[in-house]
Amino acid sequence: MSYETENVKTSKFDIPVWHKLNLTIEEAAAYSNIGIHRLYELTEQEDCPFVLWIGSRRVIKRKSFDEYIEKMSSV
């Protein structure tokens, strides 16, 4: 086994980010090139249209996030 394949963890459920319905903050940051801290600030707002709270954990609704980014001229 080569060095690259030994250190790469894969799962049969690996789904590309652009196909996921919901993203973690880290995935959303990589997907959008918006910093993690800025995403936390945006999702703290009461009227944030793209955050989904699962208990105390927040995830980003990707389609709503795409629409939000499309409308904004600055974040």
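Taken over region 32-57, the residue count meeting the criterion of being surrounded by 15 or more Cβ atoms within 10 Å (Cβ to Cβ), in a helix (DSSP H, G or I) and either out of contact with any strand residue (DSSP E or B) (no Cβ under 6 Å at 6 or more places or on another chain) or among the hydrophobic types (A, V, I, L, M, F, W, C) (or both) is 3. Contact map, region 50-61: residues that are at pLDDT 95 or above paired with residues that are in a loop (DSSP other than H, G, I, E, B) and surrounded by 10 or more Cβ atoms within 10 Å (Cβ to Cβ), Cβ distance under 6 Å, separation 6+ or inter-chain. Pairs shown: Ile60/Phe50; Lys61/Phe50.
The values are calculated or read from the model by the stated rules, or taken from the named source; none is laboratory data. All of these numbers come straight from a predicted model, not from anything done at the bench. All Cβ positions, glycine included, derive from the backbone under ideal geometry; neighbour counts span all protein chains shown.
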